[in-house]
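Take a look at the structure set out below.
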Amino acid sequence: MASPNFAFKSNTALCLSLVLAALAGQGAAQTATPVGEDAFALDTIVISAEDQIKQALGASTITQGDIEKSAVVNDISEIIRKMPGANLTGNSVSGDRGNNRQIDLRGMGPENTLILIDGKPVLARNSVATSRRGERDTRGDTNWVPAELVERIEVIRGPAAARYGSGAAGGVVNIITKKPEKTTGSVSLHYNLPESAQEGSTVRTNFMIAGPVSEKLTFRVFGNYNKSESDSSDINAEAGEEADSDTVYAGREGVVNKDIGAMLTWKPAAGQEIDFELGYSRQGNEYACDAGTGGCSDSLQEYVGEETNIMTRRTYSVTHRGEFQTWNAFSYLQWEHTNNTRNGQGTAGGGDGNINSSDMTTIGYDSITAKTEWDRPLTFAGYDSHLTLGAEYRGELMDNENLDAGNASEQHLFGLYAEANILLTDKLTLTPGMRYDHSGTFGSNWSPSVNATYDITGEWQMKAGVARAFKAPNLFQLNPDYIYSTRGRGCPSGVPGPCRILGNPDLEAEYSVNKEIGVAYKGYNGIAGSLTYYHNDYKNRIAAGIEAVSSDASGSLLQWENTPEAVVSGLEGNFSAPLGDSFALNTNFTYMLDSKDKKTGNPLSLVPEYTINAGIDWQARDALVLTLSATHYGKISAATRTLHTNVDVEDAEDRDPYTLVNLGAKWEFNDTGYLSAGVTNLFDTQINRTDGSSSGANTYNEPGRAFYVALTRNF
C-alpha cells in the first residue's frame with residue numbers, strides 16, 4: 001500500500017531545532033584550570049541529566065553477556081522481564097489474547113511502557129485496533145531486533161522516565177544495537193526444542209557484517225530469520241476440563257520474523273557522526289486459535305496453522321551525534337511505516353476479535369519522529385552543573401481500510417524540555433526538569449520533575465524523585481468514525497442494547513504523578529544492593545464508558561472516556577555479591593503493594609503480587625560459565641468486575657504462585673565465537689491457560705521443560 005502524504009508541519013519542528021542549535025554559542029565550563037607553570041587543578045565534572053538517570057535506583061542495564069547467557073528463545077522481552085519492576089502481561093486484566101504478552105513496568109500496563117531502539121521510539125503496535133476491553137492483538141514492540149544484534153538494553157523506571165514524553169509513565173526500554181567500527185562479521189544459530197510435543201519449537205539464524213569503507217565511512221548490514229512454531233490448538237483441553245470450563249482457550253501462536261537492515265556512518269569531522277539507516281521487518285503469525293472470545297469454535301478451526309495476520313515495519317532515519325566547543329548534541333529524524341494486514345475480525349458481542357472472514361484488510365500507520373538534544377557543563381548560581389535542552393516532534397497518521405468513512409486520522413505532538421544536573425554540595429546532586437507538550441487533539445501538558453541523590457557515606461546513597469508523566473490518547477480512541485457495536489450483547493447493566501462505542505475526539509491525555517524513594521549500597525567485598533519504594537497516582541485513564549451518552553429505539557451510544565483515578569505502588573530491590581573467586585550471586589525482587597482502578601476495583605494489569613529473580617554464575621574455567629537461575633512468581637489476582645459491563649465476576653480464579661528454574665552454560669572458543677546450551681524450566685513446571693476473558697487470572701500458558709543450543713561464530 002502506498003504511504004499516505006503526511007502533512008507533518010515540518011517547519012515548526014525545524015524551527016525548534018534551529019532555536020536549540022543557536023543556543024550552542026560561546027562560553028565553556030573549563031575542565032582544567034592552570035594554577036602554576038607546570039601544574040593544573042582539575043575542576044569538578046558534573047555528568048549530564050541523562051547519564052544521571054542511568055545511575056538512578058529505577059535503572060537497570062542488560063549487557064550483551066547477560067543476553068548470551070540467557071539464550072533468548074524468540075523475543076528479548078524474555079530477559080527484560082527479569083529486571084526489577086518488570087513483568088510480562090496482556091494489555092488489560094480481561095486476559096483476552098492472554099498469550100500475547102508484553103513488557104509491563106511497575107504494573108502500569110504495556111501501553112505505558114515506551115520502547116526505543118537506539119534512542120528512537122518504536123510505535124508499530126499503535127497500528128493495532130483497541131477492543132472494547134482495551135486490548136490490542138499484538139506481541140508488542142520488543143521483537144523487531146534479534147537478540148544477537150543487541151549490545152545492551154537500558155531499562156528506566158520511575159520519575160526519571162518522564163523526560164521521554166508520551167507513553168513512558170511506567171518506564172522506558174531502550175534497545176541499543178551493535179555498531180562495530182572495525183571489520184567484523186558474525187553468524188548465529190539458535191535452536192529451542194520443548195520436551196512436550198504440544199509446544200512449538202524455535203529456530204533462529206542471523207548474520208552481521210560491519211567495518212570501515214574508508215577513513216570517514218563505516219557500514220553495518222544484518223539479516224535475521226526466526227521461526228517459532230505454534231502450540232497445539234488443544235494444548236489446554238485437559239486443563240479446561242479440570243477447571244470445569246466449557247471453553248478451551250488457545251496456547252501460544254507461532255511467529256515468523258524476517259529482518260534486514262543497513263547503516264552507513266559518516267564522520268565528516270572530528271567529533272561528528274551521522275548515521276543513515278534503513279530497515280525492513282516482517283512478522284507473520286501461525287494461528288493457534290487464540291480467539292478474542294468464545295474459544296476455538298468449529299468456524300475457527302479451519303484457520304489453525306495458517307497466517308492470519310502480517311505486520312511489516314519499514315524505517316528510514318538520519319541520526320547526528322556531535323561534540324562542539326561547548327555543547328554535545330544528539331539529533332535524529334525517523335520515518336516509521338507499518339502495515340497491519342489481517343483476516344477480518346469481529347467487533348461485536350461474543351465475536352469480538354474472532355476471525356470472521358478470509359479476506360484480509362490493511363491498516364496503514366505512519367509515524368515521523370524528530371528530536372534534537374543539546375547538553376553542556378556550566379556554572380549555575382555558583383554551582384557546578386550540566387544543562388540539557390531538547391525539542392521533540394511525534395506525528396502519527398493512520399489509514400484504516402475497515403472504515404467506510406473518515407478512514408484517516410492523525411495526531412501531532414510537539415515537546416520542549418529542559419533539565420539540569422546540579423551539584424549543590426559534595427554530597428547532594430539535584431536534577432530538576434520541565435517538559436511541555438502540545439497537541440491539537442488533547443491540548444497542552446506540563447511534566448515537571450525533580451530527582452535527587454544524596455551520598456550518605458562513601459558506600460551508602462539515598463535517592464528520591466517525583467515527576468508528572470503523561471500518555472496521549474491513541475488514534476482509535478480519538479476517531480469518532482471507529483465504531484464497536486455490541487449487537488445487544490455486552491452492554492453495561494441497565495443500558496438498553498444494542499450498544500455502539502465510538503471514538504471520542506474530546507479525550508484528554510492520561511497522566512500520572514510518579515514518586516519514589518530508596519537507598520543503595522555498594523562497598524564491602526563487592527557487595528551491592530538497593531531498595532526502592534514507588535507510588536504512582538494514575539489519573540484521566542482512558543476506558544470504554546459504562547453510561548450511555550444517548551439512547552433511543554435503535555440502541556445506546558457510548559464513548560471512550562477519561563475515568564477516575566487509579567493507584568499503583570510497590571517495592572523493588574536488588575542484591576549482588578561475589579561468592580569467592582569463581583561464583584557470583586545476583587538477585588532482585590518486585591512487590592506490588594497496590595494496583596487498583598478506583599472505579600472498578602480491578603488491578604491495572606495481570607502481574608504477580610511479587611516476583612523474585614535469582615541467579616548464580618560459576619566461572620568453572622576461563623572460557624566456561626555455568627548459570628543456575630530461578631524466578632518465583634507470586635499469586636496473580638483476578639479481576640473482580642468485568643470491563644465495560646462493570647458487573648461482579650462470580651468465582652474469579654487467581655493464578656497460584658509458581659517457580660521456574662533454568663540451567664545454562666556458555667563456552668567461549670577464544671575470539672572466534674561461543675556456544676551456549678542448557679535447559680529452561682528444569683523441573684517442568686508447566687502451567688496451562690483455562691480462561692480467556694475477565695473471569696479469572698489463568699489467561700496464559702507457561703511453557704514446560706525445553707532444551708536449547710546456540711552457536712555464534714565471529715570472523
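No lab work stands behind these numbers, since they all come straight from the coordinates. It should be emphasised that the depicted structure is a prediction, and the values quoted were computed from it without experimental measurement. Every residue, glycine among them, receives a Cβ derived from its backbone with ideal geometry; neighbour counts consider all protein chains shown.
The string of couplings for the range 324-341 from the Karplus curve (6.51, -1.76, 1.60, θ = phi - 60°) is 10, 4, 10, 10, 10, 10, 9, 9, 8, 9, 9, 10, 10, 10, 10, 10, 10, 10 Hz, one whole number per residue in order, with x for Gly and Pro. Remark: the ASN714-ALA620 segment gains 31.5 nm on full extension, using 0.36 nm per residue and subtracting the alpha carbon distance. Could you list, in their original order, any pairs among LYS120/LYS227; LYS54/LYS515; LYS179/LYS666; LYS182/LYS216; LYS178/LYS522 whose Cα atoms are separated by more than 20 Å? Too far apart for the 20 Å limit: LYS120/LYS227; LYS179/LYS666; LYS178/LYS522.
When a/c reaches 1.5 or more, the comparison of a/b and b/c decides; with that in mind, is the range 139-227 rounded, prolate or oblate per its Cα gyration tensor? Here the range 139-227 falls in the oblate category.
Ordering TRP266, TRP446 from the fewest to the most neighbouring beta carbons within 10 Å gives TRP446, TRP266. A simple count of charges around THR312, restricted to other residues whose Cβ falls under 13 Å of its Cβ and scoring Lys, Arg +1 and Asp, Glu -1, yields +1.
Going 7 Å from the Cα of GLU401 in the Cα-to-Cβ direction, what parts of the range 263-284 have a backbone nitrogen less than 19 Å from that spot? Of the residues in the range 263-284, 281-284 have backbone N under 19 Å from the label point off GLU401. Less than 14 Å from a label point 7 Å out along the Cα-to-Cβ axis of HIS632: which backbone N atoms in the range 571-615 qualify, by residue? Of the residues in the range 571-615, 587-591, 609-615 have backbone N under 14 Å from the label point off HIS632.
The GluC sites (Glu not before Pro) of the range 622-688 meeting both criteria, a DSSP state outside H, G, I, E and B (loop) and at most 15 other C-beta atoms within 10 angstrom of the site's C-beta, are GLU650.
On full extension, the segment bounded by LEU593 and ASP246 gains 121.5 nm, given 0.36 nm per residue less the C-alpha separation.
Neighbour counts of C-beta atoms inside 10 Å place VAL450, VAL155 in the sequence VAL450, VAL155, starting with the fewest. Amide H contacts of GLY344 (H built 1.01 Å from N, in plane; Pro and chain starts excluded): ASN356, SER357, ASP359, THR361 sit under 5 Å, all sequence-distant by 5 or more or on other chains. Phi-derived couplings, Karplus 6.51 cos²θ - 1.76 cosθ + 1.60 at θ = phi - 60°, listed residue by residue for the range 162-170: 4, 5, 8, x, 4, x, 10, 4, x Hz, with x used for Gly and Pro. Prolate is the label for the range 258-325, because a/c, from the alpha-carbon gyration tensor with a ≥ b ≥ c as root eigenvalues, is 1.5 or above and a/b exceeds b/c.
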